[in-house]
Amino acid sequence: MRRLLLGLVLLVVGFFGVQAAKLPANELVIASWNIQHLGQSSKKDYQALGKIGAKFDFIAVQEVMNIEGIEAFKAALETATGEPWQAMYSHLIGRSTYKEMYAFVWRESAVEYLDGAVVYLDPGDLFAREPYSARFRNLKSGQAFAASTVHIIYGKLIGERVAELEELASYWGFLEEIYENTPVMLMGDFNMPPRHKGWQTLKDLGVAPLLVESMGATTLSTHEGKYANLYDNIWLRPNSLAVGEVGIVKFPQLLGLTHKQARSSVSDHAPIYMHLLKP
């Protein structure tokens with residue numbers, strides 16, 4: 001198996017530019033994206049969402065507000081790529097009147113759903129929005145993988161976020177138990193940079209983030225051209241999967257949008273991605 005290359009990062013060049021068509025046929029591009037309040041606003045630019053999402057083969061989506069939103073995103077992906085996509089999603093999740101859905105969307109030609117779609121039961125009721133996961137197969141290599149996605153609470157106090165981050169260690173154990181002998185990826189908006197001490201319980205299990213602060217940030221600042229925080233990430237066991245390029249798609253400059261326009265019509269988060277190589 002090829003070694004996990006944590007040091008390789010591609011920030012909106014090469015693959016996401018004119019070189020997109022030259023991506024090796026055996027590489028699967030997996031992404032995670034908080035698409036701010038997807039389905040809630042009539043201002044959402046689905047054509048723009050489709051153009052960015054078309055660069056990927058599989059996307060874990062956070063902040064889905066309704067079924068109509070994810071179905072519209074799926075339709076935009078099909079329009080942008082000219083090929084069929086599939087989508088699956090959780091029910092609305094949340095302790096208060098504010099609730100979100102999680103979703104996975106993927107190209108039919110690249111990925112297939114295997115089994116095990118489940119919202120975590122959260123026996124200690126520690127997550128405001130319990131994570132969602134399922135097992136899939138990479139049709140380019142035949143390899144199975146388990147994808148999980150979560151949106152950690154922002155909350156009024158840092159301690160609320162830390163409590164959920166620390167509980168991710170127990171959740172990781174759950175994932176490795178139900179998806180036995182299958183590589184696991186934990187993707188999402190964690191509302192905390194990977195250097196924070198709240199991650200230590202997960203790191204103690206040998207799990208590591210693909211993105212680190214030197215690679216940049218993922219949340220769009222209100223200051224033009226600036227990115228504020230590295231909140232979005234993909235966590236996995238090093239060497240459990242063969243990973244190539246890893247990066248952040250700074251989509252406003254690709255679409256010719258200001259940050260104000262991008263935050264209003266697309267999202268206040270940039271998608272992150274990884275190239276999954278053949279073992």
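If the viscosity is 0.692 mPa s and the temperature 37 °C, what translational diffusion coefficient in µm²/s does Stokes-Einstein give for segment 93-234 when Rh comes from Kirkwood over Cα pairs?
Estimated via Stokes-Einstein, D reaches 202 µm²/s.
Place +1 on the Cβ of every Lys and Arg and -1 on the Cβ of every Asp and Glu in the chain, take the dipole about the Cα centre, and give the residue among Leu202, Pro123, Phe73 whose Cα lies farthest towards its positive end.
Comparing the listed Cα positions along the dipole, Phe73 ranks first.
Using Cα pairs under 8 angstrom and six or more residues apart, how large is the relative contact order of the chain, in percent?
Taking the mean separation of contacting Cα pairs over the length of the chain, I get 24 percent.
For Ser221 and Asp115, calculate 0.36 nm times their separation in residues minus their Cα-Cα distance, and state this gained length in nm to one decimal.
Length gained, Ser221 through Asp115: 34.3 nm.
Looking only at the chain, where both bridge partners belong to it, what percent of the DSSP beta bridges are antiparallel (to the nearest 5)?
Just about 75 percent of them are antiparallel.
Taking amide H positions as placed 1.01 Å from N in the peptide plane, with prolines and chain starts having none, which residues 5 or more places from Met192, or on another chain, fall under 5 Å of its amide H?
none
Hey, which of these cross-link pairs are over 22 Å Cα-Cα: Lys156/Lys197; Lys74/Lys260; Lys55/Lys278; Lys43/Lys260? Can you show the working numbers first?
On the way: Lys156/Lys197 18 Å; Lys74/Lys260 25 Å; Lys55/Lys278 19 Å; Lys43/Lys260 13 Å.
Checking Cα-Cα distances, Lys74/Lys260 exceed 22 Å.
Under unit Cβ charges (Lys, Arg +1; Asp, Glu -1), what dipole magnitude, rounded to 20 debye, does segment 25-276 have relative to its Cα centre?
That gives segment 25-276 a dipole magnitude of about 720 debye.
Where does each of 136-147, 261-272, 28-39 land if you order them by average Cβ count within 10 Å, highest first?
Per-residue mean Cβ counts within 10 Å order the peptides as 28-39, 261-272, 136-147.
For segment 85-193, what relative contact order do you get, as a whole percent, if you take Cα pairs closer than 8 Å and at least 6 residues apart?
Details: 188 pairs, mean separation 23.2, N = 109.
Once normalised by length, the contact order is 21 percent.
Which entry in [x] 18.9, 60; [y] 17.6, 53; [z] 17.2, 49 is this structure's computed Rg and Dmax of the Cα atoms in Å?
Recomputing Rg and Dmax of the Cα atoms in Å here picks out [z].
Any read-out appearing in this document is the output of simple, stated calculations on the displayed coordinates, not a laboratory observation. Because the structure is a prediction, the values reported are computed rather than measured. Positions of Cβ are backbone-derived with ideal geometry, glycine not excepted, and every protein chain shown enters the neighbour counts.
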